[in-house]
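A quick write-up on the structure given underneath.
The values are calculated or read from the model by the stated rules, or taken from the named source; none is laboratory data. All figures in this text were calculated on a predicted structure; none of them were measured in a lab. Don't worry about glycine lacking a Cβ; one is built from the backbone with ideal geometry, like all the others, and counts go over all protein chains shown.
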Amino acid sequence: MFHDAKGRGLHSFTRRLLLGIGSTLVLPGAAHGFAHATDVAAGNRSSTSPRSRVIDVHTHMLNSSFVELLRTRGGAHYSIKQVIGGQTGVYRDGAPFMTLTPGMFDYELRLRAMDEACVDMAIVTLTSPNCYWGTSDDTLKAAQIVNDDMAAQSRRYPDRIRFMCSLPWLDAKLAVAELKRACDSLGAVGVMVLANVDEGSLTDKRFEPIWDEIDGRALPVLVHPTAPPATKYLDVVQYNLIASVGFMFDTSLAISRMIFDGFLDRYPNLKLIAAHGGGALPYLAGRLDICYDNMPAARVKISQQPSTYLRRIYYDSVVFRQDALAMCIAVAGDDRVLYGSDYPHNIGDMKGCLARVDALPAGQRDAVRGGNAERLFGL
Ligand SMILES: [Zn+2]
């Protein structure tokens with residue numbers, strides 16, 4: 001049985017959701033207790049074995065109350081129903097974009113999976129569609145449910161669990177108040193924002209008070225994709241094209257827009273983390289620059305090439321090829337890339353993402369495993 005932060009049994013709704021998918025879950029083997037990653041890794045490594053702890057900056061948790069609120073108050077855009085394969089998915093405008101898995105609701109299962117994968121600490125966040133739906137009351141309630149739960153879990157497992165807060169971005173005043181509460185009272189170490197807020201751009205004027213507060217606090221911000229704007233026109237209902245392609249361009253568009261908008265000059269203390277290795281951004285860096293060089297419209301608000309801004313933000317390591325990780329490091333710098341796994345999404349992969357990081361040259365490897373995250377989050 002799954003329990004939330006206070007040990008309560010999950011709502012019957014969530015139990016039903018998970019019953020439909022339990023048989024497909026691959027549970028981790030026997031836990032290693034709380035063995036450090038280095039102890040386990042030492043068995044098959046030379047004297048260059050990694051010494052830094054592993055900190056996962058892209059990893060998610062939900063809870064049953066949040067899912068129930070989304071189901072009942074998600075409005076016209078969101079629905080929850082079965083996806084092909086029998087699992088339960090969240091849909092936007094008829095297109096599935098997020099599949100619920102047991103690991104999203106069970107911290108003990110998470111810790112066992114972390115032990116199995118040799119991950120020391122997880123900085124957990126909610127995932128999409130985050131809290132950007134419903135009335136002001138709904139969006140605030142959703143954020144508070146999630147932030148309170150994650151704070152309780154980080155108090156329960158202080159060496160293993162930290163969290164970045166979710167905010168009711170649709171109401172800036174409420175969002176600033178919740179940001180203050182989450183950081184000052186609950187111990188949040190950063191903020192998670194989706195790459196579009198109910199189809200609104202992150203550079204939209206209505207979000208300025210929230211960015212002002214984040215910049216003033218110099219907080220890390222995970223920019224995480226969701227179903228892209230205008231999903232219903234993109235022909236992405238079939239084949240889960242939101243997950244494979246749509247997410248990458250949601251992030252790439254959001255960060256590119258911020259760069260060309262001069263956002264990083266206006267908010268010099270921002271520590272943006274572009275999810276999934278920056279989406280397509282490392283691959284597009286040269287194209288962003290040549291557009292800047294040859295198109296006056298691209299130079300209206302900035303006076304440096306976009307690739308210089310790409311070195312000012314951070315990236316996680318949630319990419320699925322070694323050459324993609326190498327390109328991300330080449331574009332960003334090895335002080336800007338952070339281990340991430342996207343666990344427990346159905347394509348989340350703690351072990352595979354860590355294996356690619358561990359295959360890097362020793363200096364890069366230790367920085368990406370956790371050294372950069374320690375510095376960025378002050379851990
Ligand atoms: Zn994710």
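Below is a table of values for the structure above.
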read-out	value
Per-region count, the stretch 305-350, residues acidic (Asp, Glu) and either surrounded by 21 or more Cβ atoms within 10 Å (Cβ to Cβ) or assigned to a helix (DSSP H, G or I) (or both)	3
Options Val67, Val40, Val57, Val90; residue that is more than 16 Å from the ligand (Cβ to nearest atom), modelled with pLDDT of 85 or more and not in a loop (DSSP other than H, G, I, E, B)	Val67
Filtered residue count, the stretch 70-86, keeping only those that are modelled with pLDDT of 85 or more and surrounded by 16 or more Cβ atoms within 10 Å (Cβ to Cβ)	8
Qualifying positions in the stretch 159-186 - closer than 17 Å to Thr127 by Cβ and not hydrophobic (A, V, I, L, M, F, W, C)	Arg162, Ser166, Pro168
Matching option when the condition is of a type in the set (A, V, I, L, M), within 16 Å of the ligand (Cβ to nearest atom) and within 20 Å of the chain's Cα centre (by Cα), among Ile145, Ile161, Ile123	Ile123
Residues of the stretch 351-374 satisfying the condition of being assigned to a helix (DSSP H, G or I) and free of Cβ contacts under 8 Å to residues at least 24 places away in the same chain	Ala355
Any chance Val189 is touching a residue at least 12 places away in the same chain (Cβ under 8 Å) and closer than 17 Å to Lys141 by Cα	no
Residue that is surrounded by the most Cβ atoms within 10 Å (Cβ to Cβ) [pool: residues in the stretch 274-304 that are touching an Asp or Glu at 6+ places or on another chain (Cβ under 8 Å) and more than 15 Å from Arg257 (Cα to Cα)]	Gly277
Cys328 being within 28 Å of Pro268 (Cβ to Cβ) and not aromatic (Phe, Trp, Tyr)	yes
Residue match in the stretch 257-271 (condition: among the polar types (S, T, N, Q) and within 16 Å of the ligand (Cβ to nearest atom))	no
Restricting the stretch 124-162 to residues that are among the charged types (D, E, K, R), part of a helix (DSSP H, G or I) and in contact (Cβ under 8 Å) with a residue 12 or more places away in the chain, the residue that is nearest to Gly200 (Cα to Cα)	Asp138
Tally, over the stretch 230-256, of residues that are within 16 Å of the ligand (Cβ to nearest atom) and either at positive phi or aliphatic (A, V, I, L, M) (or both)	7
